[in-house]
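The values are calculated or read from the model by the stated rules, or taken from the named source; none is laboratory data. Because the structure is a prediction, the values reported are computed rather than measured. Backbone-built Cβ (ideal geometry, glycine too); neighbour counts: all protein chains shown. To get the accessible areas, we keep the full protein, side chains included, count just its heavy atoms, and leave off ligands, DNA and RNA. Shrake-Rupley method; radii C 1.70, N 1.55, O 1.52, S 1.80 Å.
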Amino acid sequence: QGLRHVSPAAYGPSRRTREGDMAQSLELLEQGATASDSAATRPSKPSSPMKTALYVFTLAVVSAVIGVVFNALFAEGAALSGAVVNQLVHTVLAIVLGLFLVLRLAHAMYQYSVCKAAICNFYAAAATLAITASFVTEALTISAGAEHEKKGMSNFRTELARTLGFAARCVSHAIKGEPVAKDAHLMTVEDMLIISSAARPTPALYAVKLATKLLAAQHEAGRLNAALCAQASVSVSQMVSAYNTIAASKMPVPASLGEFATAWLFGFCFTVPVVISALTFTTPWVSPCASLLVSAFFFALNEMSVQLEDVSAVFTHDVSLAEAEAQLMADLHLFAAESSPIEGML
């Protein structure tokens, strides 16, 4: 009886503080980002094809100019006339450098392919989990509990679609190296507070955990049999495995290796004209043309490898990734629409 006469002030400033923090967090959620997100670093933007082509062409032209200069120096009566250049060492260096650059490009392509396949597997597992959960049905049929059971099923489908969409969005931001953008249709205030806390759990795995808790609750309520529960466990394991593959594939190439390859490449390409000029000084046009082609080939291989190794920059502008995410969101919207459509999810 005494509780009815307790004034609001009796709750103290702690309750008002909590309510104020919750309101502030909700406002930040509706704005779409927190202050920490706005200060976060964004992934580097990949160079445009035109800029890359100009960069490679400029380096190749420099090599050709060196060829013209040394072609004149090796001519009869010039400063280096009669000099002998051992081409065996340079030939061996060319073979080793070519194999190294090809292997580096193959590794970058493999890394990109594995990462993209893992993303597709994550989205496929999320869609499979949603379809598996569609077999969950009401356990009560008597009129006394049918309405409550129906409402519970509606909430389950909506929440499962929301958490799976939340997980997919987190994976998309993780592969791009971006902070998780706050979306009021996919995240609750509690979700935002947890992933923004000092502990900072992995957002994608946190979202997967929310989905498993929903399925576990349905299993305990008798709405999800053992066979469907096993199938759901397989899908969850596939999602976790795919995310771990994505995280592992984003490991960068050691900086020392990249610097060594760049120094080796520049040294080789800018000495190619010397070797060619020593052998073809009687035909002045051979040295600059051959130097231009050889240098352009080696510089282009290295530049492609460097760009593909930056997985975050590549996927930031990958149209197919955005299309796959949009398709998954549409499928989850369809799954939840049986009971309660999720508006604004797309």
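The numbered conditions (1) within 23 Å of GLN327 (Cα to Cα); (2) open to solvent by less than 40 Å² (accessible area, probe 1.4 Å); (3) at pLDDT 75 or above are all true for ASP183 except (3).
The C-beta contact set for segment 150-169 (first residue closer than 16 Å to ALA242 by Cα and touching a residue at least 40 places away in the same chain (Cβ under 8 Å), second residue of a type in the set (Ser, Thr, Tyr) and open to solvent by 10 Å² or more (accessible area, probe 1.4 Å), distance under 7 angstrom, 6+ apart or interchain) comprises ALA168/TYR123.
Mind checking whether some residue in segment 188-210 is closer than 26 Å to VAL136 by Cα and assigned to a loop (DSSP other than H, G, I, E, B)? Yes; the residues of segment 188-210 include at least one that is closer than 26 Å to VAL136 by Cα and assigned to a loop (DSSP other than H, G, I, E, B). Taking helices (runs of 4 or more DSSP H) as the structural unit, those lying wholly within segment 2-109 and holding at least 1 residues that are at pLDDT 75 or above, of a type in the set (Val, Ile, Thr) and more than 30 Å from LEU308 (Cβ to Cβ) correspond to 49-73.
Within segment 186-238, restricting attention to residues that are exposed (fewer than 14 other Cβ atoms within 10 Å of the Cβ) and among the acidic types (Asp, Glu), which residue is nearest to the chain's Cα centre (by Cα)? The residue in question is GLU190.
For segment 67-95, residues that are β-branched (Val, Ile, Thr) and over 41 Å from the mean Cα position of the chain (by Cα) total 5. Taken as a whole, segment 229-250 holds at least one residue that is under 28 Å from ALA108 (Cβ atoms) and modelled with pLDDT under 80. For segment 279-307, filtering for residues that are farther than 19 Å from VAL62 by Cβ, in contact (Cβ under 8 Å) with a residue 40 or more places away in the chain and not in a helix (DSSP H, G or I) leaves 1.
Being assigned to a helix (DSSP H, G or I) and touching a residue at least 24 places away in the same chain (Cβ under 8 Å) is the filter here; which residues of segment 308-319 pass it?
Step one: filter segment 308-319 for residues assigned to a helix (DSSP H, G or I), giving 308-309, 311-316, 319.
Within segment 308-319, LEU308, GLU309, VAL311, SER312, ALA313, VAL314, PHE315, THR316 meet the criteria.
Within segment 265-272, can one find any residue that is touching a Gly at 6+ places or on another chain (Cβ under 9 Å) and not in a loop (DSSP other than H, G, I, E, B)?
Here is the first cut: in segment 265-272, the residues touching a Gly at 6+ places or on another chain (Cβ under 9 Å) are 272.
Among the residues that remain, those that are also not in a loop (DSSP other than H, G, I, E, B) are: 272.
Checking segment 265-272: at least one residue is touching a Gly at 6+ places or on another chain (Cβ under 9 Å) and not in a loop (DSSP other than H, G, I, E, B).
Is it the case, given these coordinates, that ALA261 is out of contact with any Lys or Arg (no Cβ under 9 Å at 6 or more places or on another chain) and of a type in the set (Gly, Ala, Ser)?
Numbers: out of contact with any Lys or Arg (no Cβ under 9 Å at 6 or more places or on another chain): no; of a type in the set (Gly, Ala, Ser): yes.
No; evaluated as a whole, the condition is false for this residue.
Exactly one residue among SER241, SER305 is farther than 17 Å from LEU93 by Cα and open to solvent by 60 Å² or more (accessible area, probe 1.4 Å), and that residue is SER241.
Restricting the search to segment 285-302, which residues are over 29 Å from VAL253 (Cα atoms) and open to solvent by 20 Å² or more (accessible area, probe 1.4 Å)? Correct list: TRP285, VAL286, PRO288, CYS289, ALA290. Looking across segment 87-133, the residues that are among the hydroxyl-bearing types (Ser, Thr, Tyr) and either more than 20 Å from ALA161 (Cβ to Cβ) or out of contact with any helix residue (DSSP H, G or I) (no Cβ under 7 Å at 6 or more places or on another chain) (or both) come down to THR91, TYR110, TYR112, SER113.
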